[in-house]
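Scroll down for the structure; my scribbles are underneath it.
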Amino acid sequence: MPVIAVHTAHDWCATPDAALEALRDATMAAWSLGPAALTLLWQPYAAGRMIAPADRGACYCLVEIAMLAGRSPELKQSLALACIAALARFGVPPADIDICFNESQPADWFVAGRPLP
């Protein structure tokens, strides 16, 4: 049940809803998930509210993926590559995408108001 948040400058993507749908579809395909198993967030920042690395372009995205610990490096790589491909369809060069996996234990998650077992 990953939570995927895309942090980006507010003005480069004219269709953030479509970009989120592409990320959802890519995630479901990469990890064989149903739509009920993930949350996606598009977090645009106003001008001056996000300072990207100096060597990045106007479409810079930081993709944070929060998930339960224990996924294999191969599974994480397949999700990262799927996210990169999905964002590329909206004109984001791979060099403008950083992806960070944040893993936590089941005891750190409450889903539907209840702790995970």
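The values are calculated or read from the model by the stated rules, or taken from the named source; none is laboratory data. Just so it is clear, the structure is predicted and the values come from calculations on it, not from any experiment. Here Cβ is always computed from backbone atoms with ideal geometry, including for glycine, and neighbour counts include all displayed protein chains. Surface areas here come from the heavy atoms of the whole protein model, side chains and all, with no ligands, DNA or RNA. Shrake-Rupley method; radii C 1.70, N 1.55, O 1.52, S 1.80 Å.
The accessible area of residue 81, taken with all protein chains in place and a 1.4 Å probe, comes to roughly 100 Å².
Taking a sphere under 14 Å around the Cβ of residue 54 and counting the other residues whose Cβ falls inside, with K and R at +1 and D and E at -1, yields a net charge of -2.
Figure the gain on full extension for residue 102 and residue 1 (residue separation times 0.36 nm, minus the Cα-Cα span) and round it to one decimal in nm.
35.1 nm
Per residue, the chain exposes 56 Å² of accessible surface when a 1.4 Å probe is rolled over the protein heavy atoms with every protein chain present.
As a calculated quantity, the FRET efficiency between residue 72 and residue 110 at R0 = 25 Å, using C-beta atoms, amounts to about 0.50.
A crude spin-label estimate for the pair residue 45 and residue 17, with each label 7 Å from Cα along the Cβ direction, gives 2.6 nm. For region 28-114, the fraction of 1.4 Å probe accessible surface lying on carbon and sulfur atoms is 58 percent.
Amide H contacts of residue 40 (H built 1.01 Å from N, in plane; Pro and chain starts excluded): 4 sit under 5 Å, all sequence-distant by 5 or more or on other chains. Every Cα-Cα pair in the chain was counted, and those over 19 Å apart are 46% of them.
Work out, step by step, the length gained on full extension between residue 37 and residue 88: first 0.36 nm times the residue separation, then minus their alpha carbon distance; give nm to one decimal.
Working: separation 51, 0.36 × 51 = 18.36 nm, distance 2.38 nm.
Separation in residues times 0.36 nm, less the Cα-Cα distance, equals 16.0 nm.
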